[in-house]
Amino acid sequence: MPEVLRDYLRSPPAVIGLALLLLVIAMAASAGWLFPRDPLALAGRPLVWPFQNPRFWLGTDNSGRDIAAQIFHGARISLLIGLVATAIAIAIGVVIGAVAGYCGGAVDTILMRVTEAFQTLPNFLLLLVLVVVFGSTITTVTIAIGVVSWPAPARLTRAEFLSLRNREFVQAGRVLGLRDARLIFGEILPNALPPVIVYASVVMAVAILLESALAFLRLSDPNVASWGNLIGLGRDVLRVQWYVSAVPGIAILVTVLAVSLVGQGLNDALNPRLKRR
Amino acid sequence: MSAILTLESLGVRLPPGADRSHALQDVSLAVAANEILCVVGESGSGKSMTAGAIMRLLPRGVAIDGGRVLFEDRDLVRADEAEMRRIRGAGIAMIFQEPMTALNPLRTIGDQIGEMFAIHTDLSKAAIRDRMLGLLEEVRIPDPRLASRAYPHELSGGQRQRAMIAMALALDPKVLIADEPTTALDVTTQAQILALIRDLQRRQGTAVLFITHDFGVVAEIADRVAVMQHGRVVEQGPADAVLDRPQHDYTRQLIAAVPPLAAPPPRALSDTSVLTIEHVSKTYRTGGFLGRGARVTHAVKDVSLRLPKGGTLGVVGESGSGKSTLARCIVRLVDPDAGSVMLEGTDLAGLTRAEMRRQSRHIQMVFQDPFASLNPRRRAGDLVAQGPIVHGTPPARARARARELFALVGLDPASADRFPHEFSGGQRQRIGLARALALEPRILVADEPVSALDVSVQAQVLKLLGELRQRFGLSIIFITHDLRVAAQICDLVAVMKDGEVVERGLVADVFGAPQHPYTRALLASIPGRGFGVARPVATT
């Protein structure tokens with residue numbers, strides 16, 4: 001593991017990504033301490049431009065709420081949605097992909113047809129349907145994002161399993177008398193995981209974007225301070241007070257960029273073939 | 001005879017962080033026209049690097065840092081890239097170990113051979129075609145016209161290698177470098193390719209630099225021999241001098257490690273059999289929808305064998321003969337279609353998978369590839385302890401036992417905490433043996449357990465296997481393509497061809513007086529047959 005860390009830290013983009021990600025995490029952690037008041041409470045005059053009033057250094061939105069407070073508290077929401085939705089998507093994807101890849105035959109065919117059925121639907125449309133049916137609280141939105149994001153990790157895991165399941169060390173495990181579940185999760189999965197971990201960063205970036213897109217359409221939970229909600233609000237005043245949408249937009253950009261750079265860095269560090277470039 | 005290609009104290013530097021500073025140090029060799037120089041050595045000896053250095057095709061970060069390569073009075077070390085392009089192919093040609101990866105899979109054979117002329121000559125299309133067909137005829141590909149229109153995957157391994165040779169010889173090169181050209185081939189095909197290279201070399205007077213790890217091949221083909229170790233030439237001279245009167249210790253060691261083809265005196269065999277295989281068949285069906293156009297492969301066809309208690313049964317054959325499928329049927333990695341595998345009253349072939357898991361402690365397997373058969377993410381000790389733990393041994397006791405087994409197979413018990421990649425190939429194979437023995441099986445199925453190892457390591461592992469066999473009273477089914485190895489370790493041998501056992505019996509009988517024509521062909525194809533027969537038996 002220290003070797004992977006050393007390889008990771010050798011790449012400048014990966015280090016920048018990690019620094020940005022730590023910055024977003026720091027924002028989320030310090031939100032309650034820097035902005036102890038409810039970020040959705042009215043704070044002052046509406047539509048104050050950034051850097052005009054020292055109390056609201058990122059300005060206020062169209063109902064007079066502090067944008068800086070919403071950005072800091074929004075970091076919590078975005079990271080939370082990103083992490084939980086990714087965990088859900090990867091968990092479903094890994095289990096389905098692992099079983100399909102290991103068992104092969106009819107099991108594989110059925111599971112992959114189901115996966116393809118999910119993939120043929122544009123996942124944002126599916127997300128809209130789920131949110132419309134089950135309501136738009138933060139919990140349902142997060143679960144819904146996770147549920148629409150699993151097919152790609154499932155296919156990736158299956159591909160890894162297909163190449164690993166006939167390796168001699170797996171056969172050796174079978175000859176020793178290991179059960180299928182132990183072979184799948186104890187022997188093959190640890191070897192199949194690195195590309196899936198790397199792909200998780202993509203899923204996380206997409207999850208954050210999906211939530212923002214939902215919020216932009218005002219279909220996300222309006223009772224939490226999320227970046228997407230703020231962009232959605234800013235839509236009404238986009239031509240004049242563009243900063244209301246731009247500030248959270250930059251926050252999303254930075255977070256997604258950070259997550260992607262970290263993912264790319266992990267990929268390079270975990271992939272031994274790229275080591276000697 | 002004056003040399004065509006001369007290497008003068010050639011040095012090749014490795015990038016920093018490699019296991020040694022130089023891949024080649026002070027290598028001096030010379031090949032004359034109409035001569036075959038064999039460069040022989042174990043993996044990592046720098047023999048392939050020598051070929052790369054001559055052609056100036058070295059991996060990134062590796063560079064020549066001294067000496068000269070003289071070819072027709074030119075120093076190739078100082079030649080520019082344009083000059084090297086003219087020399088490669090036309091002056092010095094090369095053939096590789098694996099013809100499948102050296103040929104472009106998307107273009108026909110004829111097209112690829114014709115390209116050699118298109119690049120280096122001004123011949124017309126029709127002339128190129130004639131020359132190309134002539135070459136294919138010369139390398140004795142059956143039906144050259146058909147072969148020239150075939151894609152690489154449509155030819156057999158031997159035919160692909162013939163096509164590669166045709167390509168290499170297209171422009172009448174002065175020097176042919178052959179880098180392990182027969183290692184990936186079956187023994188009968190290998191014999192044909194060696195004869196072909198020898199024959200072409202005689203007729204055209206080519207100088208051949210032949211790189212190999214196999215002393216049998218050396219004995220078969222070499223005029224002169226150079227032995228390499230750790231990037232240095234430790235001994236060179238005429239073939240019979242080096243092979244019969246080796247001067248350097250390393251050469252002596254290497255030659256002593258080559259198993260002689262003669263079997264050691266037979267051991268007494270028990271009358272009771274521990275494993276009886278009866279009428280086992282396995283058929284694979286591929287492709288085809290609703291039975292149309294399906295291809296049926298009879299991997300194992302009605303095989304019946306008996307393994308006496310404490311005995312070792314060798315199953316020999318070429319690739320595709322079904323010997324590995326048979327091994328996998330026995331341990332139920334593959335479910336046989338028909339037949340029975342009786343292990344002391346239990347028919348393994350008829351068990352459910354759960355029942356087979358319980359039986360697995362009695363029958364264990366050792367695999368071929370020491371790099372693929374150990375889970376890279378588990379510590380060596382855990383790999384060995386895993387089996388007993390699954391079968392109910394308390395983990396602490398299983399780990400303690402694993403350390404004992406480490407000592408038994410000749411590994412440092414303290415190294416049980418290391419990961420597989422920290423061991424060498426031979427050490428990994430010892431771990432594989434320890435893992436199989438941890439369950440204290442009665443039967444060991446060994447699938448080509450020494451094929452991936454260097455010859456000196458191979459001898460050590462075979463010796464270990466012989467010792468363990470005595471100590472544990474093991475009965476072994478030993479799958480191998482190498483008849484020399486089979487002669488050393490097996491009591492009985494069964495020869496397989498196309499899924500069937502064509503001949504069986506005591507090793508000394510089968511190898512000494514083969515009955516079936518295929519067995520005779522196999523034995524006749526072993527390179528350097530007579531080599532080493534007179535020597536005392538090295539392994540027991």
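Being assigned to a loop (DSSP other than H, G, I, E, B) and at pLDDT below 90 holds for only one residue in B:Arg529, B:Arg471, and it is B:Arg529. In the stretch A:196-226, of all residues being closer than 21 Å to A:Val4 by Cα and more than 14 Å from chain B (Cβ to nearest Cβ), the one that is surrounded by the fewest Cβ atoms within 10 Å (Cβ to Cβ) corresponds to A:Val202.
Restricted to helices (runs of 4 or more DSSP H) entirely inside the stretch B:1-113, those with at least 1 residues that are among the hydroxyl-bearing types (Ser, Thr, Tyr) and in contact with a strand residue (DSSP E or B) (Cβ under 7 Å, 6 or more places away or on another chain) are B:47-55.
One residue alone among B:Ile95, B:Ile54, B:Ile87, B:Ile36 is away from chain A (no Cβ under 14 Å) and farther than 22 Å from B:Val12 by Cβ, and that residue is B:Ile36. Identification of helices (runs of 4 or more DSSP H) wholly contained in the stretch A:116-176 with 1 or more residues that are touching a residue at least 12 places away in the same chain (Cβ under 8 Å) and basic (Lys, Arg) yields A:151-164. When the stretch B:168-186 is filtered for residues that are closer than 27 Å to B:Lys497 by Cβ and surrounded by fewer than 22 Cβ atoms within 10 Å (Cβ to Cβ), the ones remaining, listed by number, are B:Glu180, B:Thr183, B:Ala184, B:Asp186. Under the condition of being buried (at least 24 other Cβ atoms within 10 Å of the Cβ) and more than 22 Å from B:Gly44 (Cα to Cα), the residues counted in the stretch B:445-464 number 3. For the stretch A:169-195, a residue qualifies if it is in contact with a Gly (Cβ under 9 Å, 6 or more places away or on another chain) and surrounded by fewer than 20 Cβ atoms within 10 Å (Cβ to Cβ), and the qualifying residues are A:Arg182, A:Leu183, A:Gly186. Only a single criterion out of (1) farther than 26 Å from B:Leu348 by Cβ; (2) within 12 Å of chain A (Cβ to nearest Cβ); (3) of a type in the set (Val, Ile, Thr) is not satisfied by B:Val409, namely (2). Determine, yes or no, whether B:Ser281 is touching a strand residue (DSSP E or B) at 6+ places or on another chain (Cβ under 6 Å), surrounded by 15 or more Cβ atoms within 10 Å (Cβ to Cβ) and at pLDDT below 90. No, not satisfied.
Of the residues screened, A:Leu193 is not one that is part of a helix (DSSP H, G or I), in contact with a helix residue (DSSP H, G or I) (Cβ under 7 Å, 6 or more places away or on another chain) and more than 9 Å from chain B (Cβ to nearest Cβ). Helices (runs of 4 or more DSSP H) fully within the stretch B:314-396 that include at least 2 residues being within 14 Å of another protein chain (Cβ to nearest Cβ) and farther than 30 Å from B:Ala487 by Cβ: B:353-359, B:380-390. Within the span defined as the stretch B:317-326, one or more residues are surrounded by fewer than 17 Cβ atoms within 10 Å (Cβ to Cβ), in contact (Cβ under 8 Å) with a residue 24 or more places away in the chain and within 25 Å of B:Ile489 (Cα to Cα). There is at least one residue in the stretch A:238-246 that is at pLDDT 85 or above and among the aromatic types (Phe, Trp, Tyr).
Put simply, of B:Ala268, B:Ala262, B:Ala241, B:Ala256 the only residue that is at pLDDT 85 or above, over 18 Å from B:Asp454 (Cβ atoms) and outside any strand (DSSP E or B) is B:Ala241. Six or more apart or on different chains, Cβ atoms under 6 Å: show the pairs whose first residue is in the stretch B:182-198 and within 15 Å of B:Asp214 (Cα to Cα) and whose second is charged (D, E, K, R) and not in a helix (DSSP H, G or I). That search, which allows pairs on different chains as well, returns B:Ala184/B:Glu98; B:Asp186/B:Glu318. If you go through the stretch A:126-178 and keep only what is over 27 Å from the mean Cα position of the chain (by Cα) and charged (D, E, K, R), you end up with A:Arg165, A:Arg167, A:Glu168, A:Arg174. Considering the stretch A:128-168, the residues that are within 14 Å of another protein chain (Cβ to nearest Cβ) and polar (S, T, N, Q) include one that is surrounded by the fewest Cβ atoms within 10 Å (Cβ to Cβ), namely A:Asn166. With respect to B:Arg435, determine if the residue is more than 14 Å from B:Gln364 (Cα to Cα), buried (at least 19 other Cβ atoms within 10 Å of the Cβ), modelled with pLDDT of 90 or more and of a type in the set (D, E, K, R). Considered against the rule, which asks whether it is more than 14 Å from B:Gln364 (Cα to Cα), buried (at least 19 other Cβ atoms within 10 Å of the Cβ), modelled with pLDDT of 90 or more and of a type in the set (D, E, K, R), B:Arg435 comes out as no.
The values are calculated or read from the model by the stated rules, or taken from the named source; none is laboratory data. The shown structure was predicted, so the numbers you read here are calculated from the model rather than taken from an experiment. Virtual Cβ from ideal backbone geometry, glycine too; neighbours counted across all protein chains shown.
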